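Reading through the structure tokens given below for one structure.
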Amino acid sequence: MKVKIILQFFLLLIILIFLYIFFNFFFVKKNKDESSIDIIENIDTNELESSNIIYNLKYKSEDLNGNKYLIRSAEGKLNKDQPENISLYEVYAEIIMLNSPRIYIKANEAIYNNLTFNTRFFGDVDVNYKDNKIYSDNLDIDFEKNLASIYNNVIYKNLKSKLDADKVEIDLISKTTNIFRYSKKDKINITSSK
């Protein structure tokens, strides 16, 4: 009988010690966190605006089919009014679709939506796909519609030809391409190299 009482006493003592350690560990740490929050609230707003810049930014997404989208930039700036949109500078992107060659994209700037992964590239846009190169001022990738729109001063080059157009739309799933001119009077210029 005495052994049972002694054993129960030790179990109760161990539980009390555990509760004491648990209480001190979590509540002492919480008090430290609250004091650091006060310090953050006292930061000047000019300092906060400069802290919205992220260097060497990299995003990676993958859909249910295993297609991947990688985007990286030398610098990114968070938009406090639209936190899902991130302005990127010196941008490099890669689209890796199953059973298709990789698509490489380079641009001076881009706006990346981190919820939908849609991206608007602008400024010296350069797209490489196999032996095909497309240069333009703008490129919009809409992953919800699986559509890439390349527009403004579009020049398409491959080993055999060169094409000049105003807009090119590419379906990312079927790989079908539509080529447009804004004015019906202007024709799409295609020159072939021998």
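The values are calculated or read from the model by the stated rules, or taken from the named source; none is laboratory data. Quick caveat: nothing in here was measured; it's all calculated off a predicted structure. Backbone-built Cβ (ideal geometry, glycine too); neighbour counts: all protein chains shown. Side chains are part of the model used for accessible areas, which takes the heavy atoms of the whole protein and leaves out ligands, DNA and RNA. Shrake-Rupley method; radii C 1.70, N 1.55, O 1.52, S 1.80 Å.
Out of all DSSP beta bridges in the range 64-131, what portion is antiparallel? Express it as a percent rounded to 5. Approximately 100 percent, going by the DSSP bridge assignments. Exceedance of the 24 Å cut-off in Cα-Cα distance is limited, within the set Lys60/Lys175; Lys145/Lys185; Lys130/Lys187; Lys145/Lys187, to Lys145/Lys185; Lys130/Lys187; Lys145/Lys187.
The simple Förster model, with R0 at 25 Å and r as the Cβ-Cβ distance, assigns Lys68 and Ile188 a FRET efficiency of 0.20.
Centre-to-centre, using Cα atoms only, the range 78-110 and the range 137-164 are separated by 15 Å.
Applying a DSSP loop filter and a limit of 11 other Cβ atoms within 10 Å to the trypsin sites (Lys or Arg not before Pro) in the range 53-132 leaves Lys80, Lys130. Using the 1.4 Å probe convention, the accessible area of the range 40-176 works out to 61 Å² per residue with neighbouring protein chains retained. Could you check the simple spin-label distance between Asp124 and Leu147, using points 7 Å along Cα→Cβ, in nm with one decimal? Using points 7 Å along Cα→Cβ, the separation is 3.0 nm. Electrostatic tally near Ser136: other residues with Cβ closer than 10 Å to its Cβ, Lys and Arg +1, Asp and Glu -1, net -3. Overall, the accessible surface of the range 75-168 at a probe of 1.4 angstrom is composed of carbon and sulfur to the extent of 46 percent. On full extension, the segment bounded by Glu75 and Tyr135 gains 19.4 nm, given 0.36 nm per residue less the C-alpha separation. Residues Ser174, Ser136, ordered by accessible area of protein heavy atoms at a 1.4 angstrom probe radius and largest first, appear as Ser174, Ser136. For the range 80-194, the spherically averaged projection of the C-alpha convex hull amounts to 8.3 nm².
For the range 152-157, the Karplus equation 6.51 cos²θ - 1.76 cosθ + 1.60, evaluated at θ = phi - 60°, returns couplings of 6, 6, 7, 10, 10, 10 Hz by residue, with Gly and Pro reported as x.
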